[in-house]
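K.L.:
Sharing a structure here in structure tokens format.
A short reminder: the numbers here are calculations on the coordinates, not readings from a lab. This structure is a prediction, so every number in the text was calculated from the model and none was measured. In this analysis, Cβ positions are derived from the backbone assuming ideal geometry, glycine residues included, and neighbour counts consider all displayed protein chains.
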Amino acid sequence: MTTAQKLFVGAILVLGIILRFHNYDVYPQRGATSDEYTYSFLGQSLLTKGVPISWSYFDAYKNREDLTIDKLYFPIVWPYFDHPPLNGLVVAMWAIARGETTFEQIQLSTIRLVPIALTTISSVLLFLLLERHYTYPVAVLGLLIYQTSTIMVVSSRVVMAENLLTPILLGALLYYDRVRKKVLLKNATVLGILSGLALWTKELGIVVGMSLVALLVYDKQKIRQISFEMGKGKRQGK
């Protein structure tokens, strides 16, 4: 890319960030989706109490108590197992760093900064992946749509597991694309770690590992040889 092309991409990224920050703590309105608090509560409780606690309407939980925060009701349950914890941990680490250490202290203006940062990373990865497989104009158009369309801007503000799962998926695809000519043991290890992180983000994250396996098969990679090298490395490590 030329300097002018890089500057144009940078301008689109900045525009997207500006749009995401515009009234980001107001829209969507508080309570429009209380899942934002689901992940925040889960991560915060794990980091501060060592027990997964969050809200859920499932009747199977034996431990339950009512909690109302600024007129918003939460049926708090524990130990909580509705969702994997990684997204909650990422959000909660930022909230705790800002001094929000209890459920009542969590603010949308704090936790929504995390998905905005994550979707900005996703934007960069999307552009790199598109440019690698298509052309610069196509990559720019895809980036522009992702950065400025209303549905993407609004959803990019919300604390949902998909906003962490997306950069993991795009990162895994981009990494595989760069090493696909010869997948070595260290490359397979990185891909395995990314697949594991995806699964710990959301149950649907299993598609990351499945997609990578499908690509390995499609490219006729020597999966058995990679598995053998991994097993050999473990034995040597012992």
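K.L.:
Mind checking the angle between helix 206-218 and the chain's longest principal axis? C-alpha axes, 0 to 90 degrees, to the nearest 10.
P.N.:
10
K.L.:
While we're on this one: Could you sort 212-218, 191-197 so that the peptide with the highest average Cβ count within 10 Å comes first and the rest follow in order?
P.N.:
191-197, 212-218
K.L.:
Further question on the same structure: How high is the relative contact order of the chain, in percent, counting Cα pairs under 8 Å that sit 6 or more residues apart?
P.N.:
The normalised contact order for the chain reaches 19 percent.
K.L.:
Hey, how many Å between the Cα centroid of segment 78-144 and the Cα centroid of segment 1-50?
P.N.:
Computed from Cα coordinates, the inter-centre distance equals 6 Å.
K.L.:
Size of the chain along its principal axes in angstrom, Cα-based, largest extent first?
P.N.:
If we take the Cα atoms of the chain, the spans are 56, 53, 29 Å.
K.L.:
Mind checking which aspartates and glutamates have their Cα closer than 18 Å to the Cα of Lys71? Skip sequence neighbours fewer than 8 apart in that chain.
P.N.:
Asp25, Asp35, Glu36, Glu104
K.L.:
Which angle from 0 to 90°, rounded to the nearest 10, does the C-alpha axis of helix 3-21 make with the longest principal axis of the chain?
P.N.:
The helix 3-21 is inclined about 20 degrees to the chain.
K.L.:
Further, regarding this structure: Work out the length of the dipole vector of segment 35-111 about its Cα centre, built from +1 on the beta-carbon of each Lys and Arg and -1 on the beta-carbon of each Asp and Glu, and round it to the nearest 20 debye.
P.N.:
The calculated dipole for segment 35-111 is roughly 200 debye.
K.L.:
Roughly what percent of Cα-Cα pairs across segment 20-114 reach past 21 Å?
P.N.:
Considering segment 20-114, 28 percent of its Cα-Cα pairs are separated by more than 21 Å.
K.L.:
To continue, here is another question. To test your reading of the geometry: what angle, between 0 and 90 degrees and rounded to tens, separates the Cα axis of helix 113-133 from the longest principal axis of the chain?
P.N.:
20
K.L.:
Provide the packing ranking of 40-51, 92-103, 65-76, 25-36, i.e. peptides ordered by the mean count of other C-beta atoms within 10 Å per residue, highest first.
P.N.:
40-51, 92-103, 25-36, 65-76
K.L.:
Over all distinct alpha-carbon pairs, what is the Kirkwood Rh of segment 1-65 in angstrom?
P.N.:
Kirkwood hydrodynamic radius for segment 1-65: 15.5 Å.
K.L.:
Now for a separate question. If you place +1 on the Cβ of every Lys and Arg and -1 on the Cβ of every Asp and Glu, how big does the dipole about the Cα centre of the chain come out, in debye to the nearest 20?
P.N.:
It comes to approximately 1420 debye.
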